[in-house]
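Take a look at the structure set out below.
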Amino acid sequence: MVMIRFQRRGTKKTPHFRIVATERSRAQSSQVLEIVGTYDPKTEPPRFVLDEPRLVYWLSSGAKVSESVQRVLKRFKKVSVKAA
């Protein structure tokens, strides 16, 4: 099953995240199917970039969204998607 979730990047105490489509059983730092966006909570205001057509494609293909990604989508894009 494909999941839309965060992949942590950055250094110690300065994280930023990629929003990725990946297999649910794979580790967080393993190979991904596609990078859908980025999120940097440390900037002011937080930087959020999303490729919405690709997100819609993955959701229509049956991908599930993690709870943390769902919260960020709701906060920045006012998009309603169901978490897995």
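The values are calculated or read from the model by the stated rules, or taken from the named source; none is laboratory data. Fair warning: this is a prediction, and the values are worked out from it, not measured in the lab. Because the Cβ atoms are built from the backbone with ideal geometry, glycine has one as well, and the counts that use them run over all protein chains shown.
Structure notes:
- Residues of the stretch 28-38 that are at pLDDT below 90 and either farther than 14 Å from Val2 by Cβ or in a helix (DSSP H, G or I) (or both): Gln28, Ser29.
- Residue check for Ala63: of a type in the set (Gly, Ala, Ser) and touching a residue at least 60 places away in the same chain (Cβ under 8 Å): yes
- Subset of the stretch 39-73 [outside any loop (DSSP other than H, G, I, E, B), farther than 27 Å from Lys12 by Cα and more than 10 Å from the chain's Cα centre (by Cα)]: Glu52, Pro53, Arg54, Val56, Tyr57, Trp58, Leu59, Ser60, Lys64
- Of all residues in the stretch 6-25, exactly one satisfies the criterion of being farther than 24 Å from Pro53 by Cα and modelled with pLDDT under 90, namely Ser25.
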